[in-house]
């Protein structure tokens, strides 16, 4: 991919990921500065991700009929406008509505990036690069948020997100007019016997297992991520220190995980990256909620970021393996955002009744079941690759 389209796609990923990138800070600020309960703040995060998920459901049918630049422009405008509206909101129900709209805008922006990524000959490589940029953005932004909150309160965060979305609009002309598959993509897929099919035929048993794995994976991620800041504060850590560690974990370990995926490529196949990322995720989630020291919290944050973003390019690449037109990646993001909505909602219920410990147990169980689900399609992918090489 040429440099200008790559820059534009990275900008879209940053804007589309904005709602989730600073979710722990917003959850904490809703509690500390607007007086929401932890459960209410968790449900705000959940409904925002529900907006993303429902947006992907609609875009599965519409995205390929709309010009990429039009879709990206609509998403950027929606995100900027909704975040500006959020600056004026101080109560629970209106905040739910506004954040739901932010989620819809994120789905529009993100769909353009997904279509372009799935069309590449090496989708894992592009997904890894874009993920690394998005993680670096989150890692830089997170340590700054306490200072924004101190000076401008929660509206300062929303205004910053709106400004970032508006600035990305200057790059929309660099988006390819049509995010169609590259010339190399159809032979790649046809050679493996998984050429693009009608939408109904896409959902083979193997694909369904991958999609269910992604739902469970992000149910665990969403549950942990939404309350990660609260868990650190619960250990007696200063909120600024917690934000700093969250930023460091993303900026260093998250980027390392994503770039490791880019460097390794398919050297380990598609199965072992899932085993490694999901196995480390189980350990990290349990360490996060049952650790009793700031050092344990910092280690858990780093491992969560490393495992999360090392495995993600392979998960997206596995879906692109079955469909280079990007339709399955849209469905996959519907599953991830559904999980990212379900996770905080379940965590909010658990926290209200039993504290933070069960959140880690929930996440660990989701990761283990997800690993069992992804093994068969990963093995099938390897068999197809061997058959093709032969």
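The values are calculated or read from the model by the stated rules, or taken from the named source; none is laboratory data. From a predicted model like this one, the values you see are computed outputs, not experimental measurements. So basically every Cβ, Gly included, is an ideal-geometry build from the backbone, and we count neighbours across all protein chains shown.
What the table below lists for this structure:
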| read-out | value |
| --- | --- |
| Test: residue 7 is under 21 Å from the mean Cα position of the chain (by Cα), part of a helix (DSSP H, G or I), modelled with pLDDT of 85 or more and within 30 Å of residue 351 (Cβ to Cβ) | no |
| Residues being assigned to a helix (DSSP H, G or I) and more than 21 Å from the chain's Cα centre (by Cα) - total across segment 167-177 | 7 |
| Single unsatisfied condition, residue 243 versus (1) surrounded by 14 or more Cβ atoms within 10 Å (Cβ to Cβ); (2) modelled with pLDDT of 85 or more | (2) |
| Single residue of 150, 190, 162 found to be modelled with pLDDT of 85 or more, out of contact with any helix residue (DSSP H, G or I) (no Cβ under 8 Å at 6 or more places or on another chain) and assigned to a helix (DSSP H, G or I) | 150 |
| Index of the failed condition, residue 90 passing every other in (1) farther than 15 Å from residue 12 by Cβ; (2) in contact with a helix residue (DSSP H, G or I) (Cβ under 9 Å, 6 or more places away or on another chain); (3) assigned to a helix (DSSP H, G or I); (4) modelled with pLDDT of 90 or more | (3) |
| Test for residue 83: is it in contact with a helix residue (DSSP H, G or I) (Cβ under 9 Å, 6 or more places away or on another chain), under 24 Å from residue 149 (Cα atoms), touching a residue at least 12 places away in the same chain (Cβ under 8 Å) and surrounded by fewer than 24 Cβ atoms within 10 Å (Cβ to Cβ) | no |
| Test: residue in segment 134-141 that is closer than 25 Å to residue 327 by Cβ, part of a helix (DSSP H, G or I) and either without any contact (Cβ under 8 Å) to a residue 12 or more places away in the chain or in contact with a helix residue (DSSP H, G or I) (Cβ under 8 Å, 6 or more places away or on another chain) (or both) | yes |
| Segment 347-363, residues that are at pLDDT 85 or above and over 18 Å from the mean Cα position of the chain (by Cα) | 348, 349, 350, 351, 356, 357, 358, 359, 360, 361, 362 |
| Which listed residue, of 347, 300, 305, 296, is touching a helix residue (DSSP H, G or I) at 6+ places or on another chain (Cβ under 8 Å), free of Cβ contacts under 8 Å to residues at least 60 places away in the same chain, part of a helix (DSSP H, G or I) and buried (at least 23 other Cβ atoms within 10 Å of the Cβ) | 300 |
| In segment 373-390, the residues that are at pLDDT 80 or above and either buried (at least 20 other Cβ atoms within 10 Å of the Cβ) or within 19 Å of residue 223 (Cβ to Cβ) (or both) | 373, 374, 377, 378 |
| Filter pass, residue 47 being in a helix (DSSP H, G or I) and without any contact (Cβ under 8 Å) to a residue 60 or more places away in the chain | no |
| Single residue of segment 57-80 satisfying the filter (in contact with a helix residue (DSSP H, G or I) (Cβ under 6 Å, 6 or more places away or on another chain) and closer than 17 Å to residue 335 by Cβ) that is surrounded by the fewest Cβ atoms within 10 Å (Cβ to Cβ) | 57 |
| Options 54, 126, 114; residue that is over 24 Å from residue 258 (Cβ atoms), in contact (Cβ under 8 Å) with a residue 40 or more places away in the chain and either touching a helix residue (DSSP H, G or I) at 6+ places or on another chain (Cβ under 8 Å) or not in a helix (DSSP H, G or I) (or both) | 54 |
